[in-house]
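The values are calculated or read from the model by the stated rules, or taken from the named source; none is laboratory data. Worth saying up front: this structure is predicted, and the values here are computed from it rather than measured. Cβ placement follows ideal geometry from the backbone for every residue including glycine, while neighbour counts extend to all protein chains displayed. These area figures cover heavy atoms from the full protein model, side chains too; ligands, DNA and RNA do not enter into them. Shrake-Rupley method; radii C 1.70, N 1.55, O 1.52, S 1.80 Å.
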Amino acid sequence: LQLDGFEVLLSQPLESELFSEGMLVGNHFYFYPLWIDFVKGNYRKLLEEFKDFSAVETYYRANHRQGFINNLRDELVTAAEAGVEYVVMHVSHMSLEESYTGAHLYPDDIILDEFIALLNQAMEGLELNYKLLFENTWYPGLTLLNKAAALRLIREVQHDK
């Protein structure tokens with residue numbers, strides 16, 4: 001099909017027989033548009049969005065900050081085991097209400113603070129040979145207009161690729 005490779009979401013262990021040798025090049029990590037309140041333990045705000053805590057646990061596949069970090073760490077390891085060249089992560093946060101109103105609760109710097117802390121903790125002690133790519137969007141965090149945010153990620157994320 002004249003494809004150079006596939007970028008996939010590895011939601012389960014890789015079924016390598018689905019790909020020709022060298023065709024799996026990237027892994028796009030799970031994206032949680034609304035995550036800061038979860039990792040900060042702001043359950044009041046989460047219940048406004050999700051209505052009950054079982055929905056929160058289902059959405060985040062965890063019931064506390066460390067579980068969220070463990071899930072991210074599992075994704076990092078799964079990507080390494082799959083032998084991808086790169087992974088892609090969104091660096092943004094926005095609730096459903098914010099997406100309609102444009103009135104954002106968290107500024108770029110807070111989103112970057114939390115993201116960098118989570119990612120560095122999740123990567124601690126791992127040897128990862130792939131590149132980390134951070135997808136910029138129009139949403140608060142790493143936006144298409146904030147060069148300083150991109151430079152901050154390059155400086156503060158503890159990974160050399």
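Values for this structure:
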{"item": "Value of [θ]222 nm, deg cm²/dmol, for the chain, DSSP H segments ≥ 4, -39500 (n - 2.57) each, nearest 500", "result": "-13000 deg cm²/dmol"}
{"item": "Segment 59-111: trypsin sites (Lys or Arg not before Pro) falling in loop per DSSP and having at most 15 other Cβ within 10 Å", "result": "61"}
{"item": "Compactness of segment 87-129 - radius of gyration and Dmax, Cα, Å", "result": "13.5, 41"}
{"item": "Of all accessible heavy-atom area on the chain, the percent that carbon and sulfur account for (1.4 Å)", "result": "52 percent"}
{"item": "Rounded to 5, percent antiparallel among DSSP beta bridges of the chain", "result": "10 percent"}
{"item": "Spatially proximal lysines relative to residue 161 (Cα-Cα < 26 Å; intrachain offsets below 8 disregarded)", "result": "131, 147"}
{"item": "Nonlocal amide H pairs with residue 141, under 5 Å, H built at 1.01 Å", "result": "108"}
{"item": "Solvent-free Debye scattering, log10 I(q)/I(0), computed from the Cα coordinates of the chain at q = 0.17, 0.18 Å⁻¹", "result": "-1.08, -1.18"}
{"item": "Descending semi-axes in Å of segment 27-84, equivalent ellipsoid built from Cα gyration tensor", "result": "25, 10, 9"}
